[in-house]
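Accompanying notes for the structure given below.
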Amino acid sequence: MSYTLRSGIAMLAMVAFALNGDRAAAQEPTKPAEPRAPRPNIVLIVLDDVGFADLGCYGSEIRTPNIDALAKGGLRYNRFDTRAICSPTRAALLTGRNGHTVNMAGLPRDGDLTDKTSWRAEIPQNAEMLSLALRYAGYRTVALGKWHLAPTYEDGTEGKRASWPLQRGFDEFYGFGFAVGAQSQYHPDLIEGNEKIAKPDRKDYHLSIDLTDRAIAALPGADRPTFLYLAYRAAHAPHHVPAAFRDRYAGVYDKGWDEIRRERFARQKELGIIPKDTVLPERNVGDRSWNDLTAQEKKVFAAFMANYAGFVEHTDEQIGRLVAHLKATGQFENALLVVLSDNGPASEAGQTGGFFRAYRDTTPLAEMEKNLDLLGSDKTEPLYQRPWAMVGATPFRRYKLWPFAGGTRAPLIVSWPREIKDGGAIRRQFVEVIDLAPTLLDAAGVQFRSVIDGHEQIPVAGRSIRPSFTAADAKSARDVQYFELYCNRAITSGPWKAVAMHVPGTDFEKDQWLLFNTDTDFSESTDLAARHPEKLAELKTLWMAEATKYSNPPLKETTGNLRDIVNHVFEDGLPPPNQR
């Protein structure tokens, strides 16, 4: 039976049920039922590689007035955790299940069709996605922007697109990012529906503007509710933005990353986004002091951060256009808007950054300086120096890819004027990315199905956080969550968090664990492993229990080119060679 026919039968059944209910009410008068509020449009906006401290309402000097306005009228969460990298986060976001459970342990890669482990990078068909659940409930479903949730062998040809958006519950798709997540903002490889289309070749083209134009068109104000998944590629490398936005920050970053980090830290305390007693950890091992740089390095590296800041502000401007449209068409009051980032700020470009290539660039510093006017244009592929990512992760250790909060913690803003009346409040409940899909379904009055067409669905691990929309003291949806990425591990249990870094090729039993009490140490600044060995042992046991429950296998060494990348990113954060 076709989906359309099933939906029609289901709708007729609902109508019949409603009519019968009306007859029963007529025979036995009761208090009139309150009219059911119309279901909200749901707009899920996903930013890319934007750190916890990169938005104005989270303490940044970067101007984000439109996102800040959503926060002022809605809620900001300060304990929202992701999977520290895009694909596992997005898989969890759209399924409500742990990335390992749905075969998305890391980035999509060339896969083996016989691979049955969490590295297959192909979300199982019996893991109903948020889009399908909402479409079944009568929503129009639209996906725009980055996908990055399909194995690379799904090239879009007939029979090789089972993981593409239209096959996973979306009515419409326009975007990119199947085999790779990085894309030019000026000349991206695009797909519309199931078809590849020509690259844009206009002088004034920018992907973020294009996606926003299409988002506005997808929300005309019709009666049928819409789910819009708007996954900007901003602010992922390459940091492409018109020079006018970059130039707005000329001189701002001349003081360097150490001072900017201190300023953000102070501003976060003033805003109340972090506790007053939070300690700022020392600069990360391997990250250079700004004072140790040469004058030429300072000039060039400050320009990289100005370019990134302009990129973030440019994205905020696009979100502002979308919000203005919702207000102008009378949709804003009952629009549930969620803005989040998929992980911490990008750490992959090392200490010198990427100019003509985002990753492993070998451009000499003098050549970068000579071409600074090109920074952010389509002649470059910029990614800032890693210590700027340290700034984006303020007040935490490390950044994207790492199991510390600098890698996992991200901004989360929720706006829903019809329901949220505590505008501007900060919520301190622990929220994990798997909790968002159940929350959005809760708002729509539905839930994931346990059986579809006779096929039992993989159990959902996430839980709705909707009670926190209206109650500051609502209980957290969870107090236990495990983490694993490229064999680096973490486990959260109430106020306690344990973290372990793994040296590739060594026994997992020899990994060194750190222990933090985040009730008294929000920034994970002080290792308590030596003081509380019994608590650490308990958490290590809990990690294995949770990982075994949700993944198969719980741990697996990375191989091939991906292992080289992992070694490159983590090398200076691991124990020195003579201690391995």
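Data table
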read-out	value
When residues of the range 347-370 are limited to those that are in a loop (DSSP other than H, G, I, E, B) and of a type in the set (K, R), the one nearest to Q183 (Cα to Cα)	R357
Check on I62, touching a Leu at 6+ places or on another chain (Cβ under 8 Å) and under 23 Å from F227 (Cα atoms)	no
So A222, is it of a type in the set (A, V, I, L, M, F, W, C), at pLDDT below 95 and in contact with a strand residue (DSSP E or B) (Cβ under 9 Å, 6 or more places away or on another chain)	yes
Close pairs from the range 198-214: first in contact (Cβ under 8 Å) with a residue 60 or more places away in the chain and in a helix (DSSP H, G or I), partner surrounded by 10 or more Cβ atoms within 10 Å (Cβ to Cβ) and among the β-branched types (V, I, T), Cβ under 9 Å, at least 6 apart	S208/V241; S208/T315; T212/I319; R214/V142
Selection count where residues are assigned to a helix (DSSP H, G or I) and either more than 24 Å from I465 (Cα to Cα) or more than 14 Å from the chain's Cα centre (by Cα) (or both), scope the range 389-430	4
Among the residues listed as G256, G286, G310, the single one being touching a helix residue (DSSP H, G or I) at 6+ places or on another chain (Cβ under 6 Å) and under 28 Å from A217 (Cβ atoms)	G310
Residue count, the range 434-457 (criterion: surrounded by fewer than 20 Cβ atoms within 10 Å (Cβ to Cβ), under 22 Å from the mean Cα position of the chain (by Cα) and of a type in the set (V, I, T))	0
Failed criterion for E297 (all others in (1) farther than 18 Å from L383 by Cα; (2) in a helix (DSSP H, G or I) hold)	(1)
Unmet requirement for Y153, which otherwise passes all of (1) modelled with pLDDT under 95; (2) surrounded by 24 or more Cβ atoms within 10 Å (Cβ to Cβ)	(2)
Residue satisfying all of: in the range 270-292; over 24 Å from the mean Cα position of the chain (by Cα) and not in a loop (DSSP other than H, G, I, E, B); nearest to V391 (Cα to Cα) among these	W290
Number of the condition not met by R360 [criteria: (1) surrounded by 17 or more Cβ atoms within 10 Å (Cβ to Cβ); (2) touching a Gly at 6+ places or on another chain (Cβ under 8 Å)]	(1)
When residues of the range 458-485 are limited to those that are surrounded by fewer than 20 Cβ atoms within 10 Å (Cβ to Cβ) and of a type in the set (S, T, Y), the one nearest to the chain's Cα centre (by Cα)	S464
Among (1) surrounded by fewer than 19 Cβ atoms within 10 Å (Cβ to Cβ); (2) more than 30 Å from H187 (Cα to Cα); (3) at pLDDT 95 or above, the one test that E317 misses	(2)
Failed item in (1) of a type in the set (V, I, T); (2) surrounded by fewer than 23 Cβ atoms within 10 Å (Cβ to Cβ); (3) closer than 30 Å to D479 by Cβ, with V43 passing the rest	(2)
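The values are calculated or read from the model by the stated rules, or taken from the named source; none is laboratory data. On a predicted model such as this, the values are computed, not experimentally measured, just so you know. Cβ: placed from backbone, ideal geometry, glycine included. Neighbour counts: every protein chain shown.
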